[in-house]
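Since the structure comes first, as structure tokens, the remarks are kept for the end.
The values are calculated or read from the model by the stated rules, or taken from the named source; none is laboratory data. This one's a predicted model, so the numbers in the text were calculated from it and none came from an experiment. Here the Cβ positions follow ideal geometry from the backbone for every residue, glycine too, while neighbour counts run over all protein chains shown. Heavy atoms of the whole protein, side chains included, go into the accessibility calculation; ligands, DNA and RNA do not. Shrake-Rupley method; radii C 1.70, N 1.55, O 1.52, S 1.80 Å.
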Amino acid sequence: MDKVIELINNAKKCAIIPHIKADGDAIGSCLAMRTMLRKMGKAAVIYIEEPIEKRLEFLNDDIAVIYDGEPVDCDTCIVLDCGDMGRVSKREPIFSSALHTVNIDHHRTNTFFAEANYVEADACATGEILFKLFRKMGHKLDAEISGYLYAAICSDSGCFAYSNVSPDTFRIAAELIEYDINHAEIARLLFDCEDINSERMKAELTGKINSYCDGRLRVVTVSENDTAKYGIKPEDIQDLVNLPRRIRGTEIAAALKQYDGKIRVSLRSNGDADVAAVAMVFGGGGHTKAAGCTMNVDSLKEAEKLIAEACKGAFNG
């Protein structure tokens, strides 16, 4: 952590990068870091690769710059909630041209790709790590930063319902609430604010869930035709993997979304199976209980078959 603090303290112009398809933890953490850096008198800009999910827009109306490939003037690049350079994707030139690089993350599969790396695989969210980092740096929080950190932690913990939650998580959340943030509204906007067409589509998809391994594995798929039918952007479908995950008897849940010529896979484990190992088979990664990958295959049917075979190995292991 000391090297990370040194680089941040010495930085003047910072580029902040979350992983592609940034989720609540990634966006909340980036906003918290940007706000803290600016309070320290530093220039800081968040660079993303695509528009963020609609459900996260409440966090800020000036979230980030969508990177267009132009050179970025920064001395320090801070990558948050990102396990490897593949997840930096097209923003790699920002990283490689910076004088100094920092990697702060909580994924067990992190490859320690930066000059300074601060990775806590036991933390439930990168937002949790940033809370500890800011505290060690001696910086005081405020309502704005606390709200971002709370959103980050709430998002990656499933509103404090997942097994990655520790006593530290609750203690940190309690301290953040002391700053008079609207924690109930944050949770509602993250988890209980669905578009009506998305709900209708999910109702249809629920009837198409496939089961494997005597129901231990359940898979839901959504095609570009499905999203077009309901007028939904695939990237705005939230928590699709929870449809099969919450069915009794499911040990591994998988959600496959087809768009932009690729198939994006989310995996969740309700039992002992390591879904990060499954994701790594296809070049992805994540946590034991939650992971993902992108598959370059011809069809959802083929992708589902490959995922089912890989998950059988996870059960056997």
Quiz item: Of 228, 37, 157, which is farthest on the positive side of the dipole of the chain, counting Cα position, with +1 on Lys and Arg Cβ, -1 on Asp and Glu Cβ, and the Cα centre as origin?
Solution: 157
Quiz item: Residue farthest toward the positive end of the dipole of the chain, with Cβ of Lys/Arg at +1 and Asp/Glu at -1: which of 240, 308, 279?
Solution: 308
Quiz item: Once fully extended, how much extra length lies between residue 296 and residue 160, figured as 0.36 nm per residue of separation less the alpha-carbon to alpha-carbon distance?
Solution: 45.6 nm
Quiz item: So, in nm, how far is label residue 136 from label residue 225 when the simple model puts each one 7 Å beyond its Cα toward the Cβ?
Solution: 5.3 nm
Practice problem: Working from Cα positions, state the angle (0 to 90°, nearest 10) between the long axis of helix 143-156 and the longest principal axis of the chain. | Solution: 30 degrees
Quiz item: Taking all protein chains as present, what is the carbon and sulfur share of the accessible area of the chain, in % to the nearest whole number, probe 1.4 Å?
Solution: 47 percent
Exercise. Convert each backbone phi in region 162-174 into a coupling constant with the Karplus relation 6.51 cos²θ - 1.76 cosθ + 1.60 (shift: θ = phi - 60°), then list the ³J(HN,Hα) values in order as whole Hz, x for Gly and Pro.
Key: 8, 6, 6, 6, 10, x, 4, 4, 5, 5, 5, 4, 4
Quiz item: In whole Hz, what ³J(HN,Hα) sequence does region 263-279 give by Karplus (6.51, -1.76, 1.60; θ = phi - 60°), x for Gly and Pro?
Solution: 10, 9, 10, 10, 10, 9, 10, 8, x, 8, 5, 8, 7, 5, 5, 5, 4
Quiz item: Modelled label-to-label distance, residue 204 and residue 54, 7 Å Cα→beta-carbon offset: nm?
Solution: 1.6 nm
Self-check item: Amide H partners (placed H, <5 Å) of residue 77, local residues excluded
Solution: 15, 100, 101, 102
Quiz item: For residue 43 and residue 5, what is the calculated FRET efficiency with R₀ set at 25 Å and r taken between the beta-carbons, to the nearest 0.05?
Solution: 0.85
Self-check item: Per-residue ³J(HN,Hα) for region 98-106, Karplus 6.51 cos²θ - 1.76 cosθ + 1.60, θ = phi - 60°, Hz, x for Gly and Pro
Solution: 6, 5, 9, 10, 10, 10, 10, 7, 10
Quiz item: Past the 19 Å Cα-Cα mark, which pairs from 262/305; 21/312; 132/289; 21/305; 54/233?
Solution: 21/312; 132/289; 21/305
Quiz item: Quick one: net charge of residue 208's neighbours, Cβ under 12 Å, K/R +1, D/E -1?
Solution: -1
Quiz prompt | Only Lys, Arg (+1) and Asp, Glu (-1) charged, at Cβ; region 94-201 dipole about Cα centre in debye | solution = 340 debye
Quiz item: If you add up the charges near residue 38, with Lys and Arg at +1 and Asp and Glu at -1, over every other residue whose beta carbon is less than 15 angstrom from its beta carbon, what do you get?
Solution: +3
Quiz prompt | Other-chain or far-sequence residues with amide H under 5 Å of residue 262's (modelled H) | solution = none
Quiz prompt | Given charges at beta-carbon only (K, R positive; D, E negative), |dipole| of region 137-258 in Debye | solution = 660 debye
